[in-house]
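Written out below as structure tokens is the structure these notes cover.
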Amino acid sequence: MRRRDACVAFAGALAVACASVRADDERPARFRAPVDIRQPAPFVQLALPASAYARSESPGLDDLRIVDARGARVPFAFLPPRAEARRDERRRSATLYPLPARPAADGSWPVPVDITLDGNRVHVRRANTAQPRAADARSGGWVADLGVRLPDEPVPSWLRLHWSGPAEFSAGYRLETSDDLRAWRAAGGGQVLALASAAGPLTQPDVALPPAPARFVRILWTDPARAPQLDGAEAVVDARRRVAIDAPTELVAAAQVVSAEAREGGSPAGALAFDLGGSLPLVSIELRFARGTQVAPVRLQARDRADEPWRELGAAVFYRIERDGGVVAAPPLEVATRARWVRAVPDPRAGVLDAAATSLVVRAQLARIVFPMQGQAPYALLAGVAHASPAALPATTLVAGLETERPRFGVATIGAWSEDEAALRRAQADRRAAQWRSSLLWAVLLVGVAALAFMVWRLARAPRAAGSPSQPAPPA
């Protein structure tokens, strides 16, 4: 009986140690937001703001619930983003003509090409009067001929430069355009650069063109001695871009300087961390600078939780160039990831980023949900339950003929979030229980092993049962 009681006690202690918190159906949600029906319909669409991600305990939003005025659940589904129109990049060669090292005495640049007309055709060739450059001469700039554009052909948006060296450089430029090589119009400026790093070369070869560029583009180096040796160029006729029906949401996060303790733990020097508040589905990332001319080659890293290692997203060169009263900025880096924290690690040769003047701009494809207007209004959105099981139905199960019904969806928004104090105390108690549950489990297992060893030892020392062969009696 004592052995049986010990086994029962051990099994009970093990069950207590292994027991998880109550099912999510039995636990109250920590956060609640009212749902405001702006446009009633049998099915209503609700675009989730970033605040819903910040209050969810699950990266996949498994703890979200829709309830009516009586607290009864209302079925809902996540809507897939509507199809994007993707257009692949198309490029064509652009002809480069070098300019001399410096302009004429009056500040004008000579025209390095001759134009001849043959009916409706325009022929361009290098001018016979142009002097060949010496091997060690530096060109003060280049004239790029983008070629004749057909009537239905999209206009080029970038001029992509190719160079043979050097391996590392940073060169600013002014951009001008012309239709006839006589009248030139200012078109901004920018920076091209190349840096070598352990993770691979960082390059910025693209020259942004104005919305309606002319046929001829003139690139004038700010400092020809620092310019690369160009050996080709391409007009990017149709830069790859996403045209989403459900456009991503743009969010801005302030920088946080990595502490000395974090640097001692292995964090790179000069790194800036950005907290997005919740695990967001990101489609692009961009560093923006508040003032001045800035060039920042960086590596971007991300993670979902503070205890996770950083994962690499990619390398990019972000810049802000002020010239001639205008500002030219680098394009964002396209990504496809989910993250709450983003870290920018600058190249140590490029200097330290100013945390006060640097912000992170992300574009996130935030989720949209749809639910039927069943039950009793008003409705509410609940969030903030740890280890919750998913409650969303497949969209095609909830809404028959989804694509046909989607244009007829109503519209809803959510109001201000409120916090349930009782649910907060319960969540804190669950976290404390999770901290000691693992220790208790190991303690119970060790006690159980010791108890089993003791019982084996007792059985080995116990007298044999009746009916077993007896030892012969010693002789008298």
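Quick rundown of the values:
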item: Tally of residues being polar (S, T, N, Q), modelled with pLDDT of 70 or more and either open to solvent by less than 50 Å² (accessible area, probe 1.4 Å) or assigned to a loop (DSSP other than H, G, I, E, B) (or both) across region 71-124; result: 1
item: Among (1) free of Cβ contacts under 8 Å to residues at least 40 places away in the same chain; (2) under 35 Å from the mean Cα position of the chain (by Cα); (3) surrounded by 15 or more Cβ atoms within 10 Å (Cβ to Cβ), the one test that Glu168 misses; result: (3)
item: Unmet requirement for Gly326, which otherwise passes all of (1) closer than 30 Å to Leu220 by Cβ; (2) at pLDDT 95 or above; result: (2)
item: Filter result (closer than 12 Å to Leu159 by Cβ, touching a residue at least 40 places away in the same chain (Cβ under 8 Å) and crowded, with 19+ Cβ neighbours inside 10 Å) within region 192-207; result: Val207
item: Odd one out for Gly165 among (1) part of a strand (DSSP E or B); (2) on the phi > 0 side of the Ramachandran plot; result: (1)
item: Single residue of region 24-62 satisfying the filter (outside any loop (DSSP other than H, G, I, E, B) and polar (S, T, N, Q)) that is farthest from Phe78 (Cα to Cα); result: Gln39
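Residue by residue, here is whether (1) crowded, with 19+ Cβ neighbours inside 10 Å; (2) assigned to a strand (DSSP E or B); (3) without any contact (Cβ under 8 Å) to a residue 40 or more places away in the chain holds:
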| residue | (1), (2), (3) |
| --- | --- |
| Arg299 | yes, yes, no |
| Ala302 | yes, yes, no |
| Ala306 | no, no, yes |
| Pro309 | no, no, yes |
| Ala316 | yes, yes, no |
| Glu322 | no, yes, yes |
| Val327 | no, yes, yes |
| Pro331 | no, no, no |
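The values are calculated or read from the model by the stated rules, or taken from the named source; none is laboratory data. Bear in mind the structure is a predicted one, so any value in this text is a computation, not a measurement. We place every Cβ from the backbone using ideal geometry, glycine too, and count neighbours over all the protein chains shown. For accessibility, only protein heavy atoms count, side chains too; no ligands or nucleic acids. Shrake-Rupley method; radii C 1.70, N 1.55, O 1.52, S 1.80 Å.
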